[in-house]
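J.: For reference, the structure I am asking about is given below.
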Amino acid sequence: MKRPPKSLLLVALALVSAAVLAAYLLFERPFRYAGTLEATKVDLSARVAAAIDEVRVREGDRVNTGDILVVLGCEDYKIAARLARENYARDVQLAKIGSVSQEKLDQARNQKEDTETRLKWCTIASPIDGKVLSRYHEPGEWMMPGMKILTVANVRDIWAYIYVPQPLVAKLSPGMKLAGYLPELGDRKFEGVILKINDEAEFTPKNVQTRAERERLVFGVKISFNDANGEEILKPGMTIEVALPE
């Protein structure tokens, strides 16, 4: 059996190499910078010591600014506020006939205002429009000041930080549009806008995989995806990949 001429083998090899190179150039994806999506979050905490009477929402519920989400029992605060109001009303009448000094009247007023303020803290309203991310406690549980009850997030106010090497920062500026991609959704594209570029360089965050990458100086770039998240597909904790301009 005759061997094919050497020239034909060289031609075939060249064709295969060209095909591999063409496929590489055609399908090669530009390098992307990964960032973790974050949203505006608010932790709603108790401001007085009391038992929870009601938690009116569950995780995933949508809330509006001003909606009452938690009601604390606060029986002792209710009693204190009622007594303070009665004492102040009595002192006002006595002051009219000169039986109570102005100093005592001021003290009664301050006491009334203080107890009424604490009573207002027994209802907890949402300070933002958003969704309930976490619910930590249930009715009947005793709360101390500072204990978290709910976390609410505005998932439409969503952004991510990417960390860009110094030589590439000069190509970026606030207001510039960049494309973000979700690999989990078949590289679905979301348009983002640069909100800010940090003024000072820093070492790459420790969650970057390789030591060489962690030791590189980079600038943090904050990218907003608010306008692209009308369907609320982007959620806090997701990883988004961002392509820089060529």
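The values are calculated or read from the model by the stated rules, or taken from the named source; none is laboratory data. Predicted model, so just to flag it, every value in this text is computed and none were measured. For neighbour counting, all protein chains shown are included, and Cβ atoms are generated from backbone atoms with ideal geometry for every residue, glycine included.
J.: Residues that are modelled with pLDDT of 80 or more and of a type in the set (Phe, Trp, Tyr): does the range 187-198 have at least one?
T.: Yes, the conditions are met somewhere in the range 187-198.
J.: Turning to a different aspect of this structure: If VAL132 passes every condition in (1) modelled with pLDDT of 95 or more; (2) assigned to a helix (DSSP H, G or I) but one, which one does it miss?
T.: (2)
J.: Something else: From the set of residues in the range 105-129 that are part of a loop (DSSP other than H, G, I, E, B), hydrophobic (A, V, I, L, M, F, W, C) and in contact with a strand residue (DSSP E or B) (Cβ under 7 Å, 6 or more places away or on another chain), which is modelled with the highest pLDDT?
T.: CYS122
J.: Of VAL42, VAL57, VAL70, VAL100, which residue is surrounded by 15 or more Cβ atoms within 10 Å (Cβ to Cβ), part of a loop (DSSP other than H, G, I, E, B) and touching a residue at least 60 places away in the same chain (Cβ under 8 Å)?
T.: Going through VAL42, VAL57, VAL70, VAL100 in turn, just one is surrounded by 15 or more Cβ atoms within 10 Å (Cβ to Cβ), part of a loop (DSSP other than H, G, I, E, B) and touching a residue at least 60 places away in the same chain (Cβ under 8 Å): VAL57.
J.: Report, by residue number, each residue of the range 38-63 that is farther than 15 Å from VAL132 by Cα and over 21 Å from the mean Cα position of the chain (by Cα).
T.: Once the filter is applied, which keeps residues that are farther than 15 Å from VAL132 by Cα and over 21 Å from the mean Cα position of the chain (by Cα), the range 38-63 yields ARG47, VAL48, ALA49, ALA50, ALA51, ILE52, ASP53, GLU54.
J.: Hey, among the residues in the range 139-157 that are part of a strand (DSSP E or B) and not β-branched (Val, Ile, Thr), which one's farthest from the chain's Cα centre (by Cα)?
T.: Ranking the candidates gives TRP142 first.
J.: Can you find even one residue in the range 148-163 that is out of contact with any helix residue (DSSP H, G or I) (no Cβ under 6 Å at 6 or more places or on another chain), exposed (fewer than 15 other Cβ atoms within 10 Å of the Cβ) and over 27 Å from ASP199 (Cα atoms)?
T.: Yes, that holds for at least one residue.
J.: Something else about it: Scan the range 168-184 and give yes if some residue there is closer than 30 Å to LEU44 by Cα, among the charged types (D, E, K, R), loosely packed, with under 14 Cβ neighbours inside 10 Å and modelled with pLDDT under 90, otherwise no.
T.: no
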